[in-house]
Amino acid sequence: MMRVKQAAIHYLPVAVKLISLSRLRVSRLFRAGEGPVFFQTPSPELSLNPAATREGEKLAATNLTNCCTGAKSRRGAAGMPDLIVGGVLTLTLITTLATYTARASRLMIDTRHAQFAVTELANQMDQLLALDDDARDEAISNLKPSTETIDVLHGASLVCQSIDDALGKRIELRLNWNRTGKAKPMRLTGWISPPMTDSAQ
Amino acid sequence: MKTRHAFTLIETLVVMSVSGLLMTLAITTLERSLSIGTQTADRIDDARSAIRLVDQFRDDLRIAKTANTSAPSKLEITLARSVITYEIDKGTVTRVEAIEDDKTRKETYPLGYDRTAAFASQVPDRISLSITFLTGLKHEPTRLDNFAIATIGSRIAKEQP
C-alpha cells in the first residue's frame, strides 16, 4: 500500500505535465526567434523519470515535424467568427420558426373561440326569437352567457339591445370576451318584424 | 513567426455538442412548423363540417314536431312529412332522412378522429348538441369545441297565429 502511495506521489506530477504537453498547441512550442520552448526549459519533474522524458521528447518531436512540414499544420478548423456566425444563424432560424409556430397555435385558438362565440350568439338569438314580446323583454333583461360559454371564453359578457326604426324591429346581441389587443365585440342581429317593402305593401 | 490560434479537442467537442443541440432544436421546430400546415387544413375541414352539422341540426329542430334523444349518440326528429335520425359513431355524425316510401337521404359529417358529439334534452323543449375535442391530457381530457341549443318547433310556433 505504501509503495502504491509513493509511486503515485512520484508519477503524478509527471502525468500532469504529460497531459498539459499533449494539450499544448504547436504554435506555442515556439517563441519568436527562439527554439522550441520545450527544449529550452526542460521541467525538473520530467527529469525525474527518464522514460517519461523520452516520451515527452518524442511527442514534442512529432509536433515539431508536423509544424515544420507545413502540410499537416494547415488544418481546416473553424475560427471564432465562423462559430459566432453559425450560432447566430441557427438561433435566428429557431427564433423565427418558434415565433411562427406560436402565432399559428394562437390563431387556431382564436378561431375556435370565435366559432364558439358565433354558436353562443345563435343559441341566444334562437331562444329570444322564439318568445313572444312580453317574454322576450323579460328574457332580455335577465340575459347572460351560458355556463359553457363562460367556461370557454374568459370574461364573457353578453349585451342585448332592442331596436325599432326604419330598418324594422330587431334585436342586436353583442358578445365580448378577454382577447389580446383591442377586439370589437361579436354582433348578431335578428329581425322580429322586417320593414315592409313596396312590393309587400 | 506568425502564430495561429486554433482550438483544443475539448473546445471543439463542446462546440460540436452545442451545435448538435441547436441543430436538433432547429430540425424539431422546422418539422413542427411544417406539420402545422397539415394540421390546420384538417382542423379547418373538421370545423367546417361541424358548422354544417350545427346549422342542419338547428334547421331540423326549428321545423320539428317532436324530438327525442334515447341516447346521447342518437336523436330522432319527427317532421310533418318525414323522420330524421342523427347517429354519432366515432367522430362521425350521420343524418338519415326518410323522405317517402323507402327513399332515404343520407349525409355524413366527419368531425375528426379526436372529436366526439353528444345530444341532450334541455328543459323545457330544447335539444343541445355538444362537440368535444379529446385532448389526451390528464388535467383536461376533453375540451368543449361547440355547443348548440335549438328550440323544438320554434319556426312552426311563430308561423301559426
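The values are calculated or read from the model by the stated rules, or taken from the named source; none is laboratory data. All of these numbers come straight from a predicted model, not from anything done at the bench. All Cβ positions, glycine included, derive from the backbone under ideal geometry; neighbour counts span all protein chains shown. All accessible areas refer to the heavy atoms of the entire protein, side chains included, with ligands and DNA or RNA removed. Shrake-Rupley method; radii C 1.70, N 1.55, O 1.52, S 1.80 Å.
Out of the GluC sites (Glu not before Pro) in the stretch B:96-161, which ones are loop residues according to DSSP with at most 14 other C-beta atoms within 10 Å?
B:Glu100
Rounded to the nearest 500, what is chain B's calculated 222 nm mean residue ellipticity when only DSSP H runs of at least 4 contribute -39500 (n - 2.57) each, over all residues?
Counting only the DSSP helices, I get -13500 deg cm²/dmol.
So which aspartates and glutamates can A:Lys184 reach, going by Cα to Cα under 20 Å and dropping same-chain residues fewer than 8 places off?
A:Asp110, A:Glu120, A:Glu172
Output the pairs from A:Lys182/B:Lys138; A:Lys169/B:Lys65; B:Lys65/B:Lys103 with a Cα-Cα distance over 23 Å in this structure; if there are none, say none.
A:Lys182/B:Lys138; A:Lys169/B:Lys65
Based on the alpha-carbon set only, what is the convex hull volume of the stretch B:10-159 divided per residue, in Å³?
Considering the Cα atoms of the stretch B:10-159, their hull volume per residue is 143 Å³.
Please give the total accessible area that chains A and B bury against each other, computed with a 1.4 Å probe and expressed in Å² to the nearest 100.
Using a 1.4 Å probe, the pair buries roughly 3000 Å².
Sorted by packing (mean other beta-carbon atoms within 10 Å per residue), highest first, where do B:137-144, A:87-94, A:182-189, A:114-121 land?
A:114-121, A:87-94, A:182-189, B:137-144
When only DSSP loop residues count, what trypsin sites (Lys or Arg not before Pro) in the stretch B:52-94 have their Cβ near at most 12 other Cβ atoms within 10 Å?
Numbers: sites: B:Arg52, B:Arg58, B:Arg62, B:Lys65, B:Lys74, B:Arg81, B:Lys90; in loops: B:Lys65, B:Arg81, B:Lys90.
The qualifying sites are B:Lys65, B:Arg81, B:Lys90.
Could you list the trypsin sites (Lys or Arg not before Pro) in the stretch B:1-32 that lie in coil according to DSSP, counting only those with at most 13 other Cβ atoms within 10 Å of their Cβ?
Passing both the DSSP loop test and the Cβ count: B:Lys2, B:Arg4.
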